[in-house]
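The values are calculated or read from the model by the stated rules, or taken from the named source; none is laboratory data. In this text the structure is predicted, and so the values were computed from the model without any measurement. Note: ideal-geometry Cβ built from the backbone for every residue, glycine included; neighbour counts use all protein chains shown. Note: accessible area is taken over every heavy atom of the protein model, side chains too, but ligands, DNA and RNA are not part of it. Shrake-Rupley method; radii C 1.70, N 1.55, O 1.52, S 1.80 Å.
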Amino acid sequence: VGFTDSGSVEGLILSTRVNGEMLRITINLTNSLRTGSFAIEPFGNAPATVTLDGASLQTRIGTDSAAVLQGTLTITKRGAVWVEGTVTGLLDDEVTNINLSFKAETP
């Protein structure tokens, strides 16, 4: 798990395996990773962005990098050193829906 804080955006970088291949998920939210539901959009017009990178995407959507085109980031719990939530939405291939949950410790 990686954690970023630029002052105006906080983010998580998560890694997992899908069918044995690595998948990196990057979640960014303006201001801070706080509880609530937030619109996702890759163009900077919404408070959240979510990108996925890894070889495991190649067999599913034909590329190894994708962004959530539209969707929702919901942070259900936020503690001093952890964050938990879900991401639902449509990838930028305009075909593939995603629904993932995460629970991560932050520094």
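Among the residues of the range 1-30, the ones that are of a type in the set (A, V, I, L, M), over 16 Å from residue 85 (Cα atoms) and either outside any strand (DSSP E or B) or touching an Asp or Glu at 6+ places or on another chain (Cβ under 8 Å) (or both) come to 1 in all. Between 12, 52, the distinction of being closer than 15 Å to residue 1 by Cβ, at pLDDT 90 or above and crowded, with 16+ Cβ neighbours inside 10 Å belongs to 12 only.
When you scan the range 76-93, do you find a residue that is open to solvent by 80 Å² or more (accessible area, probe 1.4 Å), modelled with pLDDT of 95 or more and within 12 Å of the chain's Cα centre (by Cα), even just one? No.
Could you please let me know if residue 46 is open to solvent by less than 80 Å² (accessible area, probe 1.4 Å), among the hydrophobic types (A, V, I, L, M, F, W, C), without any contact (Cβ under 8 Å) to a residue 40 or more places away in the chain and assigned to a loop (DSSP other than H, G, I, E, B)?
Values: open to solvent by less than 80 Å² (accessible area, probe 1.4 Å): yes; among the hydrophobic types (A, V, I, L, M, F, W, C): yes; without any contact (Cβ under 8 Å) to a residue 40 or more places away in the chain: yes; assigned to a loop (DSSP other than H, G, I, E, B): yes.
So residue 46 passes the test.
From the list 104, 67, 80, the lone residue that is free of Cβ contacts under 8 Å to residues at least 24 places away in the same chain and under 21 Å from residue 8 (Cα atoms) is 80.
So is residue 33 in a strand (DSSP E or B), aliphatic (A, V, I, L, M) and open to solvent by less than 50 Å² (accessible area, probe 1.4 Å) or not? Steps first, please.
Values: in a strand (DSSP E or B): no; aliphatic (A, V, I, L, M): yes; open to solvent by less than 50 Å² (accessible area, probe 1.4 Å): yes.
No: the conditions fail for residue 33.
Looking across the range 64-75, the residues that are open to solvent by 50 Å² or more (accessible area, probe 1.4 Å) and either in a loop (DSSP other than H, G, I, E, B) or closer than 20 Å to residue 1 by Cα (or both) come down to 64, 65.
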